[in-house]
Amino acid sequence: MEQILLETMLRHMANKEVIGGSQHGFTKGKLCLTNLVAFYDSGTALMDKGRATDVIYLDLCKAFGTVPHDILVSKVEGHGFDGWTTWYKELAGWPHARSCGQWLDVQWDECTLSKFANDTKLCGEIFTLEGRDAIQRDLDRLERWACVNLMKFNKAKCKVLHLGHSNLKCKYRLGGEWIGSSPVEKDLRVLVDEKLDMSWQCALAAQKANHILACIKRSKASRLREVILSPYSALARPYLEYCIKLWSPQHKKDMDVLE
């Protein structure tokens, strides 16, 4: 029943264009891959023009577990779901009510950023002072938004990735704290480094696939291809193919690692 209601609600939101185009989580036709490709296409386009670029990764504390439900209900009603409030309040206490909980998490993030559910990131060129100031203004706006809606960022997990050889590695604040920088970040389970070199991701994917393959071999008495192939395809191969269109290896050494 919950899934049926969720599909109806999502259809209504699609018709009313409630969810912004930057949101890729729990929306029809969008995946982790579409989020990553669209976002890093814009970043690499700036770098191709010789403009240093900063990427800010934001970690929002669990929305559905911390936000007052009256705020969530008011958002639902504001999108044309009047009369559903009583039903939702009872559902909210149900321990397995996950589908609608995920939908409400989607609705919570309304900023014009690249989002996958509550995983949020923003990207901007820092070639000019105006570009750096624009990123800081966006961060200030996000912090105010979080305070107004009684939410918090996990600031210890928020990071800056500096892209480009001429990057000045500017510092940014979120609230009263400086955001730390990192040479490599995991974005939707894909490792991205400051050179946009996918060697880290190739090594990680190969490591995980080899670990699964070793477990398969230990659990099977036979080493025949037809015995190993099925569990390999189901358990190990997905690690090698997850979002491969983004991080497809370009260097021979990375191809050798995966092969």
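The values are calculated or read from the model by the stated rules, or taken from the named source; none is laboratory data. None of the values given here were measured: they were computed from a predicted structure. A quick note on method: Cβ atoms are made from the backbone with ideal geometry, for glycine too, and the neighbour counts reach across all protein chains shown.
Couple of notes before you dig in:
- Qualifying positions in the stretch 191-216 - in a helix (DSSP H, G or I) and touching a residue at least 60 places away in the same chain (Cβ under 8 Å): none
- Residue in the stretch 173-190 that is out of contact with any helix residue (DSSP H, G or I) (no Cβ under 7 Å at 6 or more places or on another chain), on the phi > 0 side of the Ramachandran plot and either in a loop (DSSP other than H, G, I, E, B) or modelled with pLDDT under 95 (or both) present: yes
- Positions within the stretch 147-166 being surrounded by fewer than 17 Cβ atoms within 10 Å (Cβ to Cβ) and over 27 Å from residue 191 (Cα atoms), in sequence order: 147, 148, 149, 150
Listed here are the residues, each with its yes/no results for (1) among the β-branched types (Val, Ile, Thr); (2) within 25 Å of residue 39 (Cα to Cα); (3) at pLDDT below 95.
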{"residue": "216", "(1), (2), (3)": "yes, no, yes"}
{"residue": "220", "(1), (2), (3)": "no, no, yes"}
{"residue": "229", "(1), (2), (3)": "no, no, yes"}
{"residue": "246", "(1), (2), (3)": "no, yes, yes"}
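- Only listed residue being under 20 Å from residue 47 (Cα atoms), among the charged types (D, E, K, R), surrounded by fewer than 20 Cβ atoms within 10 Å (Cβ to Cβ) and modelled with pLDDT under 90, chosen from 130, 110: 130
- Subset tally (residues that are assigned to a loop (DSSP other than H, G, I, E, B) and free of Cβ contacts under 8 Å to residues at least 40 places away in the same chain) for the stretch 217-256: 5
- For the stretch 168-183, the count of residues that are closer than 30 Å to residue 71 by Cβ, touching an Asp or Glu at 6+ places or on another chain (Cβ under 7 Å) and assigned by TED's automatic domain parsing to the domain that holds residue 37 is at least one.
- Taking the criterion of being out of contact with any Asp or Glu (no Cβ under 7 Å at 6 or more places or on another chain) and closer than 28 Å to residue 38 by Cα, the residues of the stretch 199-214 that qualify are 201, 203, 204, 205, 206, 207, 208, 209.
- Residue check, residue 198 under 20 Å from the mean Cα position of the chain (by Cα), among the aliphatic types (A, V, I, L, M) and modelled with pLDDT under 90: no
- Qualifying residues in the stretch 166-190 (those that are among the hydroxyl-bearing types (Ser, Thr, Tyr) and within 22 Å of the chain's Cα centre (by Cα)) - the one farthest from residue 37 (Cα to Cα): 172
- Any chance residue 65 is surrounded by fewer than 18 Cβ atoms within 10 Å (Cβ to Cβ), at pLDDT below 70 and closer than 28 Å to residue 125 by Cβ: no
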